[in-house]
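Engineer: First, the structure itself, so that you have it in front of you.
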Amino acid sequence: VVREPIKVNLTMVTVDNNNNNVVVWDKDEVVNHYNIYRESNVANQFDLISTVPYDSASMFVDTNSNPTIKAYMYKISTTDTCLNESELSSFHKTMHLTISQGIGNNWDLSWTPYVGTNYSTYNIYRGLNSLDSLEYLTTISSSNTSYTDIDVPSQIVYYQVEIIKDTNTTNKSGIQSIRSNIVTNNTIGLNNIHKNNITTKLYPNPTEGKAKLEIEGLSSDADVLVYDMVGRVIQKHRINQGNKVLDI
């Protein structure tokens with residue numbers, strides 16, 4: 001009996017706080033690895049950009065993506081233990097959010113709709129002066145793809161748009177939130193992050209709930225942010241310059 005390779009479907013493509021696309025899928029039956037495809041510069045032509053072993057986390061961070069400049073389309077396939085590849089899945093297409101300053105202290109938001117799952121509303125998030133300050137602003141119907149935020153304080157602003165997958169659309173990860181790229185009026189931008197010669201080591205891995213983070217090279221006190229698999233901040237710790245180990 002010849003068995004067809006297992007076809008897998010994408011769960012979502014969201015964006016992390018580094019403005020990288022994160023491709024997420026559900027593991028089902030055992031395969032050898034998953035193949036991640038992204039649309040090329042030719043419409044409907046998808047190129048293989050990475051493979052992910054079955055025993056790795058069922059997600060892929062596309063560090064070569066730049067969601068601030070355009071929307072992206074992804075597909076996925078599996079390769080079985082006999083190295084036969086399945087058909088490609090249906091595509092998911094990310095949102096692409098842009099902003100422009102309107103009259104006075106108004107900010108005009110515009111985005112392309114997410115394609116690949118069902119949803120009914122958009123949640124809009126706004127932050128002032130720092131990316132960590134992003135918080136819920138309002139909800140609008142999914143029939144809209146624009147919004148004007150009026151009378152915004154004259155500060156650096158950050159925005160992000162989110163959809164929540166319909167409740168009848170389940171996935172094993174339990175993650176229902178899909179977010180757009182982050183936009184800002186900050187002329188420094190999100191990608192020009194100053195990097196120090198800091199080294200870290202986290203152990204044990206895997207952990208049963210407690211871990212130690214060793215840090216070398218701090219030149220001042222610092223905040224340590226713990227993110228979930230799609231870039232949401234779930235813990236925040238303060239570490240002093242003189243300390244080298246943090247319990248998490």
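The values are calculated or read from the model by the stated rules, or taken from the named source; none is laboratory data. Just so we're clear, the structure is a prediction, and the values are computed from it rather than from any experiment. So basically every Cβ, Gly included, is an ideal-geometry build from the backbone, and we count neighbours across all protein chains shown. For the accessible areas, the whole protein counts, side chains as well, though only heavy atoms, and no ligand, DNA or RNA atoms are used. Shrake-Rupley method; radii C 1.70, N 1.55, O 1.52, S 1.80 Å.
Engineer: Give the number of residues within segment 64-88 that are exposed (fewer than 15 other Cβ atoms within 10 Å of the Cβ) and under 21 Å from residue 112 (Cα atoms).
Structural biologist: 4
Engineer: Determine if segment 168-177 includes at least one residue that is open to solvent by less than 40 Å² (accessible area, probe 1.4 Å), part of a strand (DSSP E or B), within 19 Å of residue 92 (Cα to Cα) and modelled with pLDDT under 95.
Structural biologist: Within segment 168-177, one or more residues are open to solvent by less than 40 Å² (accessible area, probe 1.4 Å), part of a strand (DSSP E or B), within 19 Å of residue 92 (Cα to Cα) and modelled with pLDDT under 95.
Engineer: Could you list, in sequence order, the residues of segment 131-155 that are at pLDDT below 95 and within 18 Å of the chain's Cα centre (by Cα)?
Structural biologist: 131, 132, 133, 134, 135, listed by residue number.
Engineer: Considering only residues of segment 32-46 that are within 25 Å of residue 83 (Cβ to Cβ) and without any contact (Cβ under 8 Å) to a residue 24 or more places away in the chain, which is least open to solvent (accessible area, probe 1.4 Å)?
Structural biologist: This residue is 40.
Engineer: Moving to a separate point now. I'd like to check which strands (runs of 3 or more DSSP E) are fully inside segment 31-132 and have at least 1 residues that are among the β-branched types (Val, Ile, Thr) and under 13 Å from residue 180 (Cα atoms).
Structural biologist: Passing ranges, in order: 97-101, 121-128.
Engineer: Kindly evaluate residue 186 against the criterion of being over 30 Å from residue 245 (Cβ atoms) and at pLDDT 95 or above.
Structural biologist: Considered against the rule, which asks whether it is over 30 Å from residue 245 (Cβ atoms) and at pLDDT 95 or above, residue 186 comes out as no.
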